[in-house]
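What follows is one structure encoded as structure tokens, with my remarks underneath.
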Amino acid sequence: MRTSRAAAVAAVTMSLALAATACGGGSSTDGGGSNDSPKTLTYWASNQGASIEVDKKVLQPELDKFEKQTGIEVKLEVVPWSDLLNRILTATTSGQGPDVLNIGNTWSASLQATGALLPWDEKNFTAIGGKDRFVDSALGSTGAEGQDPAAVPLYSMAYALYYNKKMFADAGISKPPATWEELVADGKKLSKDGKWALGVEGSNPSENIHHAVVFAKQHGADFFTADGKPDFTSDEAVEGVKQFVDLMAKDKIIAPGNAEYAQNQSVSDFAKGKTAMLLWQSASANLKSQGMSEDAYGIAPVPVQSGAPGADTGVNSMVMGINMAVFKNTDNIDGAKQFVKFMTSDAEQKILNTAYSTIPPVSGAQSDASFNTPANAVLKDTLAKSAVAAPQVADESQFETAVGTAVKELWADAAAGRPVTTDSVKAALEKAQQQMPTK
């Protein structure tokens with residue numbers, strides 16, 4: 001999911017309290033569902049483009065096409081990531097919400113636990129063309145293991161390393177770094193004359209958690225035990241988080257001001273040539289919107305500790321993306337499923353994922369030649385071989401908030417010149433673990 005959802009995640013602490021009682025949205029006549037007409041659906045789309053207006057221009061022609069095919073009007077609202085999760089959680093308790101909505105894929109298990117979303121069992125998947133149309137990596141982020149998925153994949157994304165070709169050439173660097181050791185060495189050559197090697201968004205908990213999960217995995221750690229209990233303070237998890245923050249604290253290849261960066265600021269710096277490298281998820285459309293030519297940058301896999309990206313300690317991205325969900329109590333369940341089928345059809349997947357520079361999670365569309373560019377090859381390879389799903393546990397959203405905020409505080413320490421030590425990292429993660437719900 002897009003990292004610009006950071007502010008919304010703060011609202012998720014209520015979600016588990018709702019798990020036993022939530023009944024879902026979709027039945028409102030007050031800005032919500034469609035009980036006024038079986039030929040109407042309300043759709044909350046997430047803000048995927050450079051602006052809400054861009055999303056409307058992308059989506060409205062497709063919704064008009066759907067109405068022409070089915071006679072069902074889709075009332076579109078593009079919801080900013082800063083509001084989306086809070087809006088969804090409110091809908092699960094009020095019963096006033098949309099019929100169909102987009103969710104960040106890392107929220108799937110948490111929202112599944114509310115009981116508000118339609119389970120995608122075999123019958124429902126058959127209604128949209130079958131579960132086997134979707135790639136495995138995307139299906140892995142649709143809900144808790146052993147349960148019917150709570151949502152259907154819509155757009156897939158992965159992290160990659162974007163690097164400024166001219167800045168690399170000027171520094172005498174002939175290829176992108178493949179390991180963190182190489183990245184730090186290159187970074188010291190690139191951090192000069194008021195420019196820096198790498199940008200981060202230190203005050204963005206969502207962006208922090210994506211990288212924290214990857215660094216922890218590369219050191220052999222998971223943040224949850226096999227039975228779903230928090231395990232934030234293992235030596236390996238502490239070592240991984242410390243390595244991430246040390247890029248500023250010890251290696252000094254990230255500007256201290258990045259500790260205060262929020263949504264999209266690191267992308268803007270890279271597009272303007274202020275930083276030489278960017279770790280981002282499917283950034284091409286975002287960079288283009290900010291005036292950066294595709295010829296100006298290269299794309300490589302996110303570095304690993306050693307060797308090549310792969311499974312286990314070779315993980316170099318979370319499986320990122322957007323899922324499409326249906327509220328269980330919609331008054332137009334058949335129309336909602338028709339709409340999901342339309343949006344995940346091969347033809348629409350090609351249109352929508354091209355517009356957003358994302359990867360189709362539908363196999364038939366993903367094989368299209370337009371998605372076989374060098375840039376997409378890196379992202380597709382990452383999703384297939386070296387990306388890991390977010391923890392599919394009911395407390396996942398609280399985890400994002402707690403650990404993402406802990407890393408935010410560590411960035412603040414690094415920026416202020418306060419020591420970032422193994423003990424201070426462990427203390428921050430211990431504090432985060434204490435914030436998790438007790439069973």
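I need the calculated FRET efficiency for the pair ASP132 and ALA300, taking r as the beta carbon distance and R₀ as 25 Å, to the nearest 0.05. Efficiency, from the Cβ-Cβ distance: 0.20.
Label sites at ASP423 and LYS192, each approximated as a point 7 angstrom past Cα along Cα to Cβ, lie 3.8 nm apart. The label point for GLU145 and the one for ASP121, both projected 7 Å from the Cα toward the Cβ, are 2.3 nm apart. Here LYS288 is the anchor, and the lysines within straight C-alpha reach of less than 23 Å, apart from those fewer than 8 places off in the same chain, are LYS56, LYS57, LYS165, LYS166, LYS175, LYS195, LYS272, LYS274, LYS350, LYS380. Per-residue Karplus couplings for the stretch 241-253, computed as 6.51 cos²θ - 1.76 cosθ + 1.60 with θ equal to phi - 60°, are listed in order as 5, 4, 4, 4, 5, 5, 4, 9, 5, 10, 7, 6, 10 Hz, Gly and Pro entered as x. Phi angles across the stretch 55-61 convert, under the Karplus curve 6.51 cos²θ - 1.76 cosθ + 1.60 with θ = phi - 60°, into 3J(HN,Hα) values of 4, 4, 5, 6, 7, 4, x Hz, Gly and Pro given as x.
Give me the distance in nm between label points sitting 7 Å out from Cα along the Cα-to-Cβ direction at SER174 and LYS272, one decimal. Going by the 7 Å Cα→Cβ label model, 3.4 nm.
Between ALA311 and GLN96, the C-beta separation translates, for a Förster distance of 51 Å, into a calculated FRET efficiency of about 0.75.
Helix-only arithmetic for the chain: the sum of -39500 (n - 2.57) across DSSP H runs with n ≥ 4, divided by the residue total, places the mean residue ellipticity at 222 nm at -12500 deg cm²/dmol. Could you give me D for the stretch 233-305, from Stokes-Einstein at 25 °C and 0.890 mPa s, where the hydrodynamic radius is the Kirkwood radius over C-alpha pairs? Units µm² s⁻¹, please. This corresponds to a translational diffusion coefficient of 176 µm²/s.
What the phi angles of the stretch 339-348 give under the Karplus curve with 6.51, -1.76 and 1.60, with θ = phi - 60°, is a coupling list of 5, 4, 4, 4, 5, 9, 5, 3, 5, 6 Hz, glycine and proline written as x.
Scaling the Cα radius of gyration of the stretch 251-348 by the globular reference 2.2 N^0.38 Å produces a ratio of 1.53. Candidates LEU154, LEU111, PHE244 compared by Cα position along the dipole of the chain: farthest toward the positive end lies PHE244, with charges placed on Cβ. With the highest mean first, a sort of the peptides 139-148, 292-301 on other beta-carbon atoms found within 10 angstrom per residue produces 139-148, 292-301.
The numbers here are math on the coordinates, done by the rules we state, and not lab data. This structure is a prediction, so every number in the text was calculated from the model and none was measured. With ideal geometry, Cβ positions are generated from the backbone for all residues, glycine too; neighbour counts draw on all protein chains shown.
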